[in-house]
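In what follows, a structure is listed as structure tokens, so that the remarks can point back to it.
The values are calculated or read from the model by the stated rules, or taken from the named source; none is laboratory data. Note that the coordinates shown come from a computational prediction; the quantities given were computed from them, not determined experimentally. When we count neighbours, we look across all protein chains shown, and the Cβ atoms used for this are built from the backbone with ideal geometry, even at glycine. For accessibility, only protein heavy atoms count, side chains too; no ligands or nucleic acids. Shrake-Rupley method; radii C 1.70, N 1.55, O 1.52, S 1.80 Å.
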Amino acid sequence: MATSNIMKQLSVAAIGSAFFVTGSLLMVQKQVDAATIGVYGSTDGISTTNGSGHVANQLANLGLFDAVNVLNGSEDAATLRRYDAILFYSNFSSDLNNFANKLANYVDAGGKLVVSTFAYQTAAFSNLGRLVTGGYLPFQNYQDNYYDVTLGSFNPNHPIMKGPLPINSVGGYYHDKVDLTVDAELVASWSDGSPFIAVDSGSKVVGITLFPNDYYQNLSGDYNNVFGNALYFAANQSPAVPEPASILGLATALGFGIFFKRKSFQKQ
């Protein structure tokens, strides 16, 4: 009888702890919904007419975000952490190592990142620092650009393609032709079969091979919705949750700990 009572108490303690742990994990899964977005266009400048300020205004007009702010590259880690997601792109190939390293640190700290054309415009992405050497990106092997492409095959069930904004057609001239990395999840392809949108399975960085600035009048269709959906998806990704077996193991350990602590107290 004593053994049976002990086992019952252990089971109750473990179950109670399981609910506690599971509830705690659910509480830390931050759902941003309306987020604060940063836009860094590097060599595109910060102009609201023809630079990253214009891109930021385009995104703000979508109505998905609380705020969309332009970044100038001087931001420190504390400032970057204020953003739920950041769009990182460049107008042409340049030395982006310094800010790319900051963004790698930002992702390490839980930040969400979308990287688009022309950040990929070198053969080995050698201008992107630890974003490349640390394996944060879903693309590799830059090959070509500057020819017309349209939306090809895509996964209609992926959140970036499902919404909140519709994506029915996309066309562009300025883009980067690249390959997928081995751990990338392909979301959409261009009409020539090259990758358009992908997500790195480890870092969760979203890659888009399209230049986001329509000032040069080479974009068509729902291109702005692509960037809006990608940033919305990135900002609202939940933190990694332990496997069910891990949760059960932690709950059981807590249950045993509570039980034996109680028995020890009763002896005193």
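For the stretch 101-110, which residues satisfy the criterion of being open to solvent by 10 Å² or more (accessible area, probe 1.4 Å) and within 22 Å of Leu180 (Cα to Cα)?
Across the stretch 101-110, the qualifying residues are Asn101, Val107, Asp108.
Just for strands (runs of 3 or more DSSP E) wholly inside the stretch 149-232: which have at least 2 residues that are open to solvent by 30 Å² or more (accessible area, probe 1.4 Å) and not basic (Lys, Arg)?
Here the list reads 149-154, 176-180, 184-190, 219-221.
Inside the stretch 42-70, can you point out the residues that are under 24 Å from Pro164 (Cβ atoms), assigned to a loop (DSSP other than H, G, I, E, B) and either touching a Gly at 6+ places or on another chain (Cβ under 7 Å) or not hydrophobic (A, V, I, L, M, F, W, C) (or both)?
Correct list: Asn61, Leu62, Gly63, Leu64, Asp66.
When the residues of the stretch 64-93 are narrowed to those that are open to solvent by 30 Å² or more (accessible area, probe 1.4 Å) and modelled with pLDDT under 95, which ends up farthest from Asn213 (Cα to Cα)?
Ranking the qualifying residues of the stretch 64-93, first place goes to Ser74.
Out of the stretch 172-187, which residues are within 26 Å of Tyr216 (Cα to Cα) and either in contact with an Asp or Glu (Cβ under 7 Å, 6 or more places away or on another chain) or hydroxyl-bearing (Ser, Thr, Tyr) (or both)?
Once the filter is applied, which keeps residues that are within 26 Å of Tyr216 (Cα to Cα) and either in contact with an Asp or Glu (Cβ under 7 Å, 6 or more places away or on another chain) or hydroxyl-bearing (Ser, Thr, Tyr) (or both), the stretch 172-187 yields Tyr173, Tyr174, Lys177.
Taking Asn57, is it open to solvent by 40 Å² or more (accessible area, probe 1.4 Å), within 27 Å of Asn98 (Cα to Cα) and at pLDDT 95 or above?
The answer is yes for Asn57.
Answer yes if at least one residue in the stretch 3-24 is over 26 Å from Asp214 (Cα atoms), among the hydrophobic types (A, V, I, L, M, F, W, C) and modelled with pLDDT of 95 or more, and no otherwise.
Looking for residues that are over 26 Å from Asp214 (Cα atoms), among the hydrophobic types (A, V, I, L, M, F, W, C) and modelled with pLDDT of 95 or more, one finds none in the stretch 3-24, hence no.
Take Gly129 and decide whether it is open to solvent by 10 Å² or more (accessible area, probe 1.4 Å) and either in contact (Cβ under 8 Å) with a residue 40 or more places away in the chain or acidic (Asp, Glu) (or both).
no
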